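S.K.: Sharing a structure here in C-alpha coordinates format.
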Amino acid sequence: MSQTAQNSVQTILPAKSFRGSVRLPGDKSISHRYAMLAGIAEGTSRFTNFSTGADPHSSLACMEALGAKVEKHADGTISVTGTAGDFRQPNQPLDCGNSGSTMRMLSGLIGPHPHTFTLIGDDSLTLRPMERIRKPLAQMGARIDLVDGHAPMTVHGGPLKAISFDTPIPSAQVKTAILFAGLQAEGRTSISESVRTRDHSEHALRAFGATLERDSNSMSIEGGQKLKAIDATVPGDMSSAAFFLCAALLFPDSNLVIDDLGMNPTRAALLDVLSGIGLRIKPLNIEDQHGEMIGTIQVNSSAQLSGAEINGALSAQLIDELPVLAAIAPYTRDGIRIRDAKELRVKESDRIALTAQNLRAMGAEVVEHEDGMDVPGGQTLRGGKVDSGTDHRIAMAFSVAALRAQGPTEVHGAEAAAISFPEFYTLLNSLAER
Ligand code: S3P
(Lines give C-alpha, C1' and ligand atoms only; values in the text may rest on other atoms or scores of the structure.)
Protein backbone atom coordinates (compact mmCIF):
# COMPACT_ATOMS: atom_id res chain seq x y z
CA MET A 1 0.00 0.00 0.00
CA SER A 2 1.37 3.44 -0.82
CA GLN A 3 1.55 5.86 2.08
CA THR A 4 0.79 9.57 2.45
CA ALA A 5 3.50 11.51 4.31
CA GLN A 6 2.11 13.91 6.90
CA ASN A 7 2.92 16.63 9.31
CA SER A 8 4.04 19.89 7.80
CA VAL A 9 2.54 22.88 9.59
CA GLN A 10 1.61 26.16 7.91
CA THR A 11 0.91 29.10 10.18
CA ILE A 12 -1.63 31.41 8.59
CA LEU A 13 -1.78 34.96 9.90
CA PRO A 14 -4.88 37.12 9.63
CA ALA A 15 -4.98 39.30 6.49
CA LYS A 16 -6.32 42.83 5.80
CA SER A 17 -7.34 42.22 2.21
CA PHE A 18 -7.08 39.80 -0.70
CA ARG A 19 -5.99 41.24 -4.03
CA GLY A 20 -4.16 40.32 -7.19
CA SER A 21 -4.25 38.41 -10.42
CA VAL A 22 -3.55 34.69 -10.90
CA ARG A 23 -3.64 31.90 -13.44
CA LEU A 24 -4.26 28.50 -11.86
CA PRO A 25 -2.89 25.05 -12.67
CA GLY A 26 -5.03 22.87 -14.88
CA ASP A 27 -8.25 21.29 -13.70
CA LYS A 28 -7.70 18.03 -11.83
CA SER A 29 -10.79 16.29 -13.22
CA ILE A 30 -10.00 17.21 -16.83
CA SER A 31 -6.32 16.28 -16.41
CA HIS A 32 -7.24 12.77 -15.23
CA ARG A 33 -9.48 12.23 -18.23
CA TYR A 34 -6.95 13.61 -20.71
CA ALA A 35 -4.20 11.43 -19.19
CA MET A 36 -6.30 8.27 -19.43
CA LEU A 37 -7.77 8.87 -22.87
CA ALA A 38 -4.36 9.88 -24.25
CA GLY A 39 -3.02 6.63 -22.79
CA ILE A 40 -5.45 4.53 -24.76
CA ALA A 41 -5.52 6.70 -27.94
CA GLU A 42 -3.37 6.29 -30.98
CA GLY A 43 -0.61 8.90 -31.39
CA THR A 44 1.00 11.52 -29.20
CA SER A 45 -1.18 13.97 -27.24
CA ARG A 46 0.31 17.20 -25.92
CA PHE A 47 -1.09 19.03 -22.91
CA THR A 48 -0.42 22.57 -21.75
CA ASN A 49 -1.32 23.56 -18.18
CA PHE A 50 -1.85 19.94 -17.11
CA SER A 51 -2.64 19.77 -13.38
CA THR A 52 0.41 19.98 -11.10
CA GLY A 53 -1.47 18.05 -8.38
CA ALA A 54 -0.21 14.66 -7.28
CA ASP A 55 -3.50 12.93 -8.18
CA PRO A 56 -3.46 13.39 -11.98
CA HIS A 57 0.21 12.43 -11.91
CA SER A 58 -0.90 9.13 -10.35
CA SER A 59 -3.07 8.68 -13.45
CA LEU A 60 -0.10 9.44 -15.71
CA ALA A 61 2.07 6.93 -13.83
CA CYS A 62 -0.63 4.27 -14.25
CA MET A 63 -0.74 5.00 -18.00
CA GLU A 64 3.03 4.45 -18.15
CA ALA A 65 2.67 1.16 -16.30
CA LEU A 66 0.08 0.16 -18.92
CA GLY A 67 2.44 0.88 -21.81
CA ALA A 68 1.93 4.56 -22.69
CA LYS A 69 4.96 6.83 -22.96
CA VAL A 70 4.72 9.93 -20.77
CA GLU A 71 7.14 12.84 -21.16
CA LYS A 72 7.18 15.84 -18.82
CA HIS A 73 8.91 18.69 -20.64
CA ALA A 74 10.91 21.55 -19.12
CA ASP A 75 8.32 24.11 -20.29
CA GLY A 76 5.65 22.33 -18.21
CA THR A 77 3.90 20.66 -21.13
CA ILE A 78 3.24 16.94 -20.98
CA SER A 79 3.11 14.55 -23.87
CA VAL A 80 1.54 11.11 -23.79
CA THR A 81 2.06 8.59 -26.57
CA GLY A 82 -0.85 6.21 -26.32
CA THR A 83 -1.09 2.44 -26.63
CA ALA A 84 -3.56 2.54 -29.56
CA GLY A 85 -6.10 0.58 -27.56
CA ASP A 86 -3.75 -2.11 -26.36
CA PHE A 87 -2.83 -1.91 -22.68
CA ARG A 88 -0.14 -4.34 -21.57
CA GLN A 89 -0.15 -6.51 -18.47
CA PRO A 90 1.58 -4.28 -15.87
CA ASN A 91 4.35 -5.99 -13.95
CA GLN A 92 3.36 -4.39 -10.65
CA PRO A 93 0.21 -3.06 -8.98
CA LEU A 94 -1.21 0.17 -10.39
CA ASP A 95 -0.61 2.70 -7.60
CA CYS A 96 -3.46 5.22 -7.48
CA GLY A 97 -1.96 7.07 -4.48
CA ASN A 98 -4.63 9.24 -2.84
CA SER A 99 -6.75 9.45 -5.98
CA GLY A 100 -10.28 8.06 -6.01
CA SER A 101 -10.69 9.41 -9.56
CA THR A 102 -7.71 7.37 -10.76
CA MET A 103 -8.89 4.15 -9.17
CA ARG A 104 -12.53 4.42 -10.20
CA MET A 105 -12.17 5.76 -13.73
CA LEU A 106 -9.19 3.56 -14.54
CA SER A 107 -11.05 0.40 -13.54
CA GLY A 108 -13.53 1.10 -16.36
CA LEU A 109 -10.79 1.86 -18.87
CA ILE A 110 -8.82 -1.33 -18.18
CA GLY A 111 -11.83 -3.63 -17.65
CA PRO A 112 -12.07 -4.67 -21.34
CA HIS A 113 -8.37 -5.65 -21.56
CA PRO A 114 -7.49 -9.34 -21.20
CA HIS A 115 -5.14 -9.01 -18.22
CA THR A 116 -5.25 -9.07 -14.46
CA PHE A 117 -4.73 -5.66 -12.87
CA THR A 118 -4.26 -4.90 -9.20
CA LEU A 119 -5.07 -1.34 -8.10
CA ILE A 120 -3.76 -0.04 -4.80
CA GLY A 121 -3.85 3.27 -2.96
CA ASP A 122 -2.79 5.03 0.23
CA ASP A 123 -4.49 4.60 3.62
CA SER A 124 -7.24 7.11 2.81
CA LEU A 125 -8.04 5.65 -0.62
CA THR A 126 -8.13 2.15 0.88
CA LEU A 127 -11.04 3.28 3.08
CA ARG A 128 -13.14 4.63 0.20
CA PRO A 129 -16.13 2.73 -1.24
CA MET A 130 -15.44 0.82 -4.46
CA GLU A 131 -18.54 -1.38 -4.65
CA ARG A 132 -20.17 1.42 -6.71
CA ILE A 133 -17.63 0.61 -9.45
CA ARG A 134 -17.66 -3.16 -9.08
CA LYS A 135 -21.41 -3.42 -9.62
CA PRO A 136 -21.77 -1.88 -13.11
CA LEU A 137 -18.50 -3.36 -14.36
CA ALA A 138 -19.54 -6.81 -13.12
CA GLN A 139 -22.83 -6.40 -15.03
CA MET A 140 -20.73 -5.75 -18.13
CA GLY A 141 -18.86 -9.00 -17.49
CA ALA A 142 -15.68 -7.94 -15.65
CA ARG A 143 -14.74 -9.85 -12.50
CA ILE A 144 -13.57 -7.48 -9.79
CA ASP A 145 -12.28 -8.54 -6.39
CA LEU A 146 -12.43 -6.12 -3.47
CA VAL A 147 -11.63 -6.49 0.19
CA ASP A 148 -14.85 -5.66 2.08
CA GLY A 149 -15.87 -3.30 -0.70
CA HIS A 150 -12.51 -1.53 -0.71
CA ALA A 151 -9.11 -1.51 -2.41
CA PRO A 152 -6.87 -3.31 -3.06
CA MET A 153 -8.92 -4.00 -6.16
CA THR A 154 -8.18 -6.77 -8.66
CA VAL A 155 -9.73 -6.39 -12.11
CA HIS A 156 -9.83 -9.60 -14.15
CA GLY A 157 -10.34 -7.96 -17.52
CA GLY A 158 -11.76 -9.36 -20.74
CA PRO A 159 -14.37 -8.64 -23.41
CA LEU A 160 -17.29 -6.66 -21.96
CA LYS A 161 -20.87 -6.27 -23.10
CA ALA A 162 -22.93 -3.09 -23.12
CA ILE A 163 -25.40 -2.33 -20.30
CA SER A 164 -28.06 0.22 -19.42
CA PHE A 165 -27.34 1.60 -16.01
CA ASP A 166 -29.12 4.07 -13.68
CA THR A 167 -26.54 5.56 -11.32
CA PRO A 168 -28.02 5.34 -7.80
CA ILE A 169 -25.66 7.97 -6.35
CA PRO A 170 -24.60 11.06 -8.28
CA SER A 171 -20.98 10.35 -9.20
CA ALA A 172 -19.05 11.54 -12.23
CA GLN A 173 -16.37 8.98 -11.43
CA VAL A 174 -18.82 6.08 -11.68
CA LYS A 175 -20.37 7.53 -14.84
CA THR A 176 -16.89 7.86 -16.33
CA ALA A 177 -15.88 4.30 -15.46
CA ILE A 178 -18.98 3.03 -17.30
CA LEU A 179 -18.42 5.32 -20.30
CA PHE A 180 -14.76 4.27 -20.54
CA ALA A 181 -15.73 0.60 -20.40
CA GLY A 182 -18.66 1.17 -22.77
CA LEU A 183 -16.31 2.76 -25.32
CA GLN A 184 -14.61 -0.61 -25.65
CA ALA A 185 -17.55 -2.97 -25.02
CA GLU A 186 -19.73 -4.85 -27.48
CA GLY A 187 -22.96 -2.93 -28.15
CA ARG A 188 -24.36 0.39 -26.99
CA THR A 189 -23.99 1.33 -23.33
CA SER A 190 -26.36 3.85 -21.80
CA ILE A 191 -26.26 5.58 -18.45
CA SER A 192 -28.81 7.79 -16.80
CA GLU A 193 -28.12 10.02 -13.84
CA SER A 194 -30.67 11.66 -11.57
CA VAL A 195 -28.39 14.65 -10.98
CA ARG A 196 -26.32 15.99 -13.82
CA THR A 197 -22.72 15.52 -12.63
CA ARG A 198 -19.63 17.09 -14.17
CA ASP A 199 -19.49 16.24 -17.86
CA HIS A 200 -15.75 16.43 -18.59
CA SER A 201 -15.66 12.79 -19.73
CA GLU A 202 -18.30 13.42 -22.34
CA HIS A 203 -16.35 16.43 -23.71
CA ALA A 204 -13.01 14.62 -23.52
CA LEU A 205 -14.31 11.51 -25.28
CA ARG A 206 -15.64 13.68 -28.11
CA ALA A 207 -12.37 15.62 -28.28
CA PHE A 208 -10.48 12.34 -28.75
CA GLY A 209 -12.83 11.46 -31.60
CA ALA A 210 -15.53 9.29 -30.00
CA THR A 211 -19.23 9.67 -30.74
CA LEU A 212 -21.52 9.96 -27.75
CA GLU A 213 -25.19 10.85 -27.54
CA ARG A 214 -26.82 12.82 -24.79
CA ASP A 215 -30.52 13.17 -24.07
CA SER A 216 -31.35 15.28 -20.97
CA ASN A 217 -30.00 13.17 -18.11
CA SER A 218 -28.92 10.09 -20.00
CA MET A 219 -26.15 9.37 -22.45
CA SER A 220 -25.10 6.47 -24.61
CA ILE A 221 -21.91 5.35 -26.25
CA GLU A 222 -21.35 2.75 -28.94
CA GLY A 223 -18.61 0.21 -28.21
CA GLY A 224 -15.60 -0.56 -30.39
CA GLN A 225 -14.60 3.08 -30.96
CA LYS A 226 -10.94 4.06 -31.39
CA LEU A 227 -9.46 7.32 -30.11
CA LYS A 228 -6.95 9.68 -31.72
CA ALA A 229 -4.44 11.88 -29.88
CA ILE A 230 -5.17 15.57 -29.30
CA ASP A 231 -3.34 18.78 -28.37
CA ALA A 232 -5.11 20.61 -25.56
CA THR A 233 -4.76 23.30 -22.93
CA VAL A 234 -6.26 22.32 -19.60
CA PRO A 235 -8.41 25.14 -18.14
CA GLY A 236 -7.60 26.41 -14.64
CA ASP A 237 -9.23 24.39 -11.88
CA MET A 238 -12.52 25.83 -10.56
CA SER A 239 -12.26 23.74 -7.38
CA SER A 240 -8.83 25.29 -6.69
CA ALA A 241 -10.17 28.74 -7.59
CA ALA A 242 -12.90 28.15 -4.97
CA PHE A 243 -10.40 28.78 -2.16
CA PHE A 244 -9.37 32.15 -3.55
CA LEU A 245 -12.92 33.15 -4.48
CA CYS A 246 -13.99 32.43 -0.89
CA ALA A 247 -10.99 34.38 0.42
CA ALA A 248 -11.96 37.33 -1.81
CA LEU A 249 -15.51 37.13 -0.45
CA LEU A 250 -14.21 37.72 3.07
CA PHE A 251 -12.72 41.19 2.42
CA PRO A 252 -14.90 44.14 1.37
CA ASP A 253 -12.08 45.78 -0.62
CA SER A 254 -10.82 42.59 -2.28
CA ASN A 255 -10.09 42.51 -5.98
CA LEU A 256 -9.14 39.24 -7.63
CA VAL A 257 -8.69 38.36 -11.28
CA ILE A 258 -8.42 34.71 -12.35
CA ASP A 259 -7.33 34.11 -15.93
CA ASP A 260 -7.95 31.02 -18.07
CA LEU A 261 -10.36 29.50 -15.57
CA GLY A 262 -12.46 26.46 -16.42
CA MET A 263 -16.09 27.60 -16.48
CA ASN A 264 -17.82 24.38 -17.49
CA PRO A 265 -21.47 24.92 -16.41
CA THR A 266 -21.47 21.58 -14.54
CA ARG A 267 -18.69 23.01 -12.33
CA ALA A 268 -19.81 26.62 -12.06
CA ALA A 269 -22.60 26.33 -9.44
CA LEU A 270 -20.13 27.80 -6.97
CA LEU A 271 -20.23 31.14 -8.79
CA ASP A 272 -24.02 31.34 -8.34
CA VAL A 273 -23.80 30.48 -4.66
CA LEU A 274 -21.01 32.98 -4.00
CA SER A 275 -22.79 35.73 -5.89
CA GLY A 276 -25.91 34.96 -3.83
CA ILE A 277 -23.83 35.47 -0.66
CA GLY A 278 -22.27 38.72 -1.84
CA LEU A 279 -19.41 38.18 -4.30
CA ARG A 280 -19.56 40.44 -7.36
CA ILE A 281 -18.38 38.43 -10.35
CA LYS A 282 -17.55 39.80 -13.77
CA PRO A 283 -16.85 37.12 -16.40
CA LEU A 284 -14.65 38.20 -19.34
CA ASN A 285 -13.51 36.54 -22.60
CA ILE A 286 -15.23 33.14 -22.36
CA GLU A 287 -14.33 30.70 -25.11
CA ASP A 288 -14.71 27.01 -25.93
CA GLN A 289 -11.76 24.62 -26.05
CA HIS A 290 -12.54 20.99 -26.81
CA GLY A 291 -16.05 21.54 -25.38
CA GLU A 292 -14.76 23.10 -22.14
CA MET A 293 -15.54 26.76 -21.39
CA ILE A 294 -12.52 28.77 -20.37
CA GLY A 295 -12.46 32.44 -19.36
CA THR A 296 -11.29 35.23 -17.10
CA ILE A 297 -13.25 36.40 -14.09
CA GLN A 298 -12.83 39.45 -11.95
CA VAL A 299 -14.37 39.43 -8.50
CA ASN A 300 -14.79 41.70 -5.50
CA SER A 301 -16.92 41.53 -2.42
CA SER A 302 -19.87 43.47 -1.09
CA ALA A 303 -19.72 44.76 2.45
CA GLN A 304 -22.56 42.56 3.73
CA LEU A 305 -22.45 38.79 3.24
CA SER A 306 -25.81 37.05 3.50
CA GLY A 307 -25.76 33.24 3.71
CA ALA A 308 -26.80 30.13 1.81
CA GLU A 309 -28.91 26.97 1.91
CA ILE A 310 -27.27 24.18 -0.04
CA ASN A 311 -29.21 20.97 -0.62
CA GLY A 312 -30.53 18.58 -3.26
CA ALA A 313 -28.77 18.53 -6.62
CA LEU A 314 -26.74 21.60 -5.66
CA SER A 315 -24.95 19.63 -2.94
CA ALA A 316 -23.81 17.06 -5.49
CA GLN A 317 -22.66 19.75 -7.90
CA LEU A 318 -20.73 21.58 -5.18
CA ILE A 319 -19.38 18.50 -3.45
CA ASP A 320 -15.70 19.54 -3.61
CA GLU A 321 -16.43 23.13 -2.59
CA LEU A 322 -18.57 22.40 0.48
CA PRO A 323 -15.66 22.26 2.97
CA VAL A 324 -14.45 25.77 2.11
CA LEU A 325 -18.01 27.16 2.08
CA ALA A 326 -18.58 25.69 5.55
CA ALA A 327 -15.22 27.00 6.78
CA ILE A 328 -16.04 30.62 5.84
CA ALA A 329 -19.71 30.41 6.87
CA PRO A 330 -19.14 31.87 10.37
CA TYR A 331 -18.14 35.19 8.76
CA THR A 332 -21.43 35.51 6.87
CA ARG A 333 -24.49 37.15 8.41
CA ASP A 334 -26.96 34.28 8.03
CA GLY A 335 -24.67 31.25 8.04
CA ILE A 336 -24.65 28.30 5.67
CA ARG A 337 -26.79 25.16 5.94
CA ILE A 338 -25.74 22.09 4.00
CA ARG A 339 -27.87 18.95 3.50
CA ASP A 340 -28.00 15.97 1.09
CA ALA A 341 -24.21 15.81 1.17
CA LYS A 342 -23.67 12.41 2.78
CA GLU A 343 -21.00 11.69 0.16
CA LEU A 344 -18.76 14.11 2.04
CA ARG A 345 -18.31 11.40 4.65
CA VAL A 346 -16.54 9.10 2.16
CA LYS A 347 -14.19 11.55 0.47
CA GLU A 348 -10.45 11.73 1.22
CA SER A 349 -11.60 12.12 4.84
CA ASP A 350 -14.96 12.30 6.59
CA ARG A 351 -15.30 15.91 5.52
CA ILE A 352 -18.37 16.58 7.67
CA ALA A 353 -16.73 15.41 10.89
CA LEU A 354 -13.39 17.05 10.14
CA THR A 355 -14.89 20.37 9.07
CA ALA A 356 -16.98 20.49 12.24
CA GLN A 357 -13.96 19.56 14.39
CA ASN A 358 -11.80 22.27 12.84
CA LEU A 359 -14.50 24.94 13.03
CA ARG A 360 -14.80 24.20 16.75
CA ALA A 361 -11.00 24.28 17.12
CA MET A 362 -11.10 27.85 15.77
CA GLY A 363 -13.84 28.81 18.22
CA ALA A 364 -16.96 28.46 16.04
CA GLU A 365 -20.28 26.82 16.77
CA VAL A 366 -21.48 24.20 14.30
CA VAL A 367 -24.22 21.58 14.31
CA GLU A 368 -23.28 18.38 12.52
CA HIS A 369 -25.88 16.29 10.66
CA GLU A 370 -25.50 12.88 9.06
CA ASP A 371 -25.75 14.48 5.60
CA GLY A 372 -24.45 17.99 6.24
CA MET A 373 -24.07 20.73 8.82
CA ASP A 374 -25.43 24.06 10.02
CA VAL A 375 -22.83 26.75 10.49
CA PRO A 376 -24.40 29.85 12.04
CA GLY A 377 -23.28 33.26 10.78
CA GLY A 378 -22.14 36.28 12.76
CA GLN A 379 -19.38 34.40 14.56
CA THR A 380 -15.84 35.51 15.37
CA LEU A 381 -13.10 32.91 14.98
CA ARG A 382 -10.06 33.16 17.22
CA GLY A 383 -7.65 31.02 15.18
CA GLY A 384 -6.08 27.92 16.72
CA LYS A 385 -4.79 24.56 15.62
CA VAL A 386 -6.54 22.71 12.82
CA ASP A 387 -5.83 19.31 11.29
CA SER A 388 -6.03 18.46 7.59
CA GLY A 389 -6.56 14.75 8.32
CA THR A 390 -4.31 14.34 5.20
CA ASP A 391 -7.17 15.79 3.15
CA HIS A 392 -6.12 18.48 0.64
CA ARG A 393 -9.41 20.33 0.60
CA ILE A 394 -9.62 20.49 4.39
CA ALA A 395 -6.07 21.94 4.61
CA MET A 396 -6.91 24.65 2.08
CA ALA A 397 -10.41 25.39 3.42
CA PHE A 398 -9.12 26.20 6.90
CA SER A 399 -6.17 28.18 5.57
CA VAL A 400 -8.76 30.45 3.95
CA ALA A 401 -10.90 30.66 7.10
CA ALA A 402 -7.70 31.60 8.99
CA LEU A 403 -7.35 34.82 6.95
CA ARG A 404 -10.22 36.45 8.89
CA ALA A 405 -9.52 34.92 12.31
CA GLN A 406 -8.43 37.09 15.20
CA GLY A 407 -5.13 35.32 15.72
CA PRO A 408 -2.77 32.93 13.94
CA THR A 409 -3.94 29.49 12.83
CA GLU A 410 -1.68 26.47 12.60
CA VAL A 411 -2.72 24.14 9.80
CA HIS A 412 -1.30 20.70 10.58
CA GLY A 413 -0.82 18.32 7.66
CA ALA A 414 -0.76 21.28 5.27
CA GLU A 415 1.32 19.34 2.74
CA ALA A 416 -1.90 17.54 1.73
CA ALA A 417 -2.71 20.59 -0.45
CA ALA A 418 -0.23 19.19 -3.00
CA ILE A 419 -2.71 16.44 -3.89
CA SER A 420 -4.57 18.94 -6.05
CA PHE A 421 -2.81 22.31 -5.69
CA PRO A 422 0.91 22.34 -4.79
CA GLU A 423 1.19 26.10 -5.43
CA PHE A 424 -1.63 26.90 -2.98
CA TYR A 425 0.36 28.38 -0.08
CA THR A 426 2.68 30.42 -2.30
CA LEU A 427 -0.26 31.93 -4.16
CA LEU A 428 -2.33 32.43 -0.98
CA ASN A 429 0.51 34.38 0.60
CA SER A 430 1.03 36.46 -2.52
CA LEU A 431 -2.67 37.46 -2.64
CA ALA A 432 -3.28 38.01 1.09
CA GLU A 433 -2.35 41.54 2.16
CA ARG A 434 -1.22 41.77 5.76
C1 S3P B 1 -14.68 13.87 -9.63
C2 S3P B 1 -15.93 13.60 -9.19
C3 S3P B 1 -16.34 13.82 -7.80
C4 S3P B 1 -15.39 14.75 -7.08
C5 S3P B 1 -13.96 14.38 -7.30
C6 S3P B 1 -13.63 14.43 -8.78
C7 S3P B 1 -14.37 13.62 -11.05
O8 S3P B 1 -16.35 12.57 -7.12
O9 S3P B 1 -15.65 14.78 -5.70
O10 S3P B 1 -13.10 15.27 -6.62
O11 S3P B 1 -13.31 14.07 -11.53
O12 S3P B 1 -15.18 12.98 -11.71
P13 S3P B 1 -17.62 11.57 -7.17
O14 S3P B 1 -17.71 11.03 -8.54
O15 S3P B 1 -17.29 10.51 -6.16
O16 S3P B 1 -18.78 12.41 -6.78
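The values are calculated or read from the model by the stated rules, or taken from the named source; none is laboratory data. These numbers come from a predicted model, not from an experiment. Backbone-built Cβ (ideal geometry, glycine too); neighbour counts: all protein chains shown.
S.K.: Could you identify the single residue in ILE178, ILE169, ILE133 that is of a type in the set (A, V, I, L, M, F, W, C), modelled with pLDDT under 95 and within 16 Å of the ligand (Cβ to nearest atom)?
M.R.: One residue alone meets the criteria, ILE169.
S.K.: Yes or no: the stretch 1-23 includes at least one residue that is within 16 Å of the ligand (Cβ to nearest atom), buried (at least 23 other Cβ atoms within 10 Å of the Cβ) and at pLDDT 95 or above.
M.R.: No; the residues of the stretch 1-23 include none that is within 16 Å of the ligand (Cβ to nearest atom), buried (at least 23 other Cβ atoms within 10 Å of the Cβ) and at pLDDT 95 or above.
S.K.: Now for a separate question. For ASP86, work out the one condition from (1) of a type in the set (Asp, Glu); (2) under 24 Å from the mean Cα position of the chain (by Cα); (3) surrounded by fewer than 16 Cβ atoms within 10 Å (Cβ to Cβ) it doesn't fulfil.
M.R.: Unmet for ASP86, out of (1) of a type in the set (Asp, Glu); (2) under 24 Å from the mean Cα position of the chain (by Cα); (3) surrounded by fewer than 16 Cβ atoms within 10 Å (Cβ to Cβ): (2).
S.K.: Okay, moving on. Is at least one residue of the stretch 247-263 in contact with a Gly (Cβ under 6 Å, 6 or more places away or on another chain), over 30 Å from GLN406 (Cβ atoms) and not in a strand (DSSP E or B)?
M.R.: yes
S.K.: Still on this structure, please answer the following. Report whether or not ASP215 is over 19 Å from SER420 (Cα atoms), outside the structural domain of GLN298 (by TED's automatic domain parsing) and modelled with pLDDT of 95 or more.
M.R.: Judged against the criteria, ASP215 is not a match.
S.K.: Looking at the stretch 139-148, which of its residues are assigned to a helix (DSSP H, G or I) and of a type in the set (A, V, I, L, M)?
M.R.: MET140
The rows are residues; the columns are (1) within 14 Å of the ligand (Cβ to nearest atom); (2) assigned to a helix (DSSP H, G or I); (3) farther than 20 Å from LYS347 by Cα; (4) in the same structural domain as HIS203 (by TED's automatic domain parsing).
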| site | (1), (2), (3), (4) |
| --- | --- |
| PHE50 | no, no, yes, yes |
| ALA61 | no, yes, yes, yes |
| ALA84 | no, no, yes, yes |
| ASN91 | no, no, yes, yes |
| MET103 | yes, yes, no, yes |
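S.K.: Please go through the stretch 218-230 and give me each residue that is at pLDDT 95 or above and more than 19 Å from GLU292 (Cα to Cα), ordered by number.
M.R.: SER220, ILE221, GLU222, GLY223, GLY224, GLN225, LYS226
S.K.: Something else about it: Given (1) away from the ligand (no atom under 16 Å from the Cβ); (2) closer than 30 Å to VAL299 by Cβ; (3) touching a residue at least 40 places away in the same chain (Cβ under 8 Å), where does ILE40 come up short, assuming only one miss?
M.R.: Only one criterion in (1) away from the ligand (no atom under 16 Å from the Cβ); (2) closer than 30 Å to VAL299 by Cβ; (3) touching a residue at least 40 places away in the same chain (Cβ under 8 Å) is unmet by ILE40, namely (2).
S.K.: Can you find a residue that is in the same structural domain as SER254 (by TED's automatic domain parsing), of a type in the set (Ser, Thr, Tyr), more than 25 Å from SER124 (Cβ to Cβ) and in contact (Cβ under 8 Å) with a residue 40 or more places away in the chain anywhere in the stretch 372-380?
M.R.: Within the stretch 372-380, one or more residues are in the same structural domain as SER254 (by TED's automatic domain parsing), of a type in the set (Ser, Thr, Tyr), more than 25 Å from SER124 (Cβ to Cβ) and in contact (Cβ under 8 Å) with a residue 40 or more places away in the chain.
S.K.: Sticking with this one: Quick one: which of SER239, SER190 is buried (at least 17 other Cβ atoms within 10 Å of the Cβ) and within 18 Å of the chain's Cα centre (by Cα)?
M.R.: Answer to the selection: SER239.
S.K.: Based on this model, can you work out whether THR197 counts as surrounded by fewer than 21 Cβ atoms within 10 Å (Cβ to Cβ) and within 14 Å of the ligand (Cβ to nearest atom)?
M.R.: Considered against the rule, which asks whether it is surrounded by fewer than 21 Cβ atoms within 10 Å (Cβ to Cβ) and within 14 Å of the ligand (Cβ to nearest atom), THR197 comes out as no.
S.K.: Given the criteria crowded, with 24+ Cβ neighbours inside 10 Å and of a type in the set (Phe, Trp, Tyr), does PHE251 qualify?
M.R.: So PHE251 fails the test.
S.K.: If you don't mind, another one. Do we find that ASP350 is within 22 Å of ALA313 (Cβ to Cβ) and either surrounded by fewer than 22 Cβ atoms within 10 Å (Cβ to Cβ) or of a type in the set (Phe, Trp, Tyr) (or both) in this structure?
M.R.: no
S.K.: Filter the stretch 119-138 for residues that are in a helix (DSSP H, G or I), touching a residue at least 40 places away in the same chain (Cβ under 8 Å) and within 23 Å of ILE191 (Cα to Cα) and give the result.
M.R.: Listed by number, the residues that qualify are ARG132, ILE133, PRO136, LEU137.
S.K.: Are there any pairs, at least 6 apart or on different chains, whose C-beta atoms fall under 7 Å, with the first in the stretch 190-208 and assigned to a strand (DSSP E or B) and the second near the ligand (Cβ under 10 Å from one of its atoms), and if so, which?
M.R.: Final answer for the pair search is ILE191/THR167; ILE191/LYS175; GLU193/THR167; GLU193/PRO170; GLU193/LYS175.
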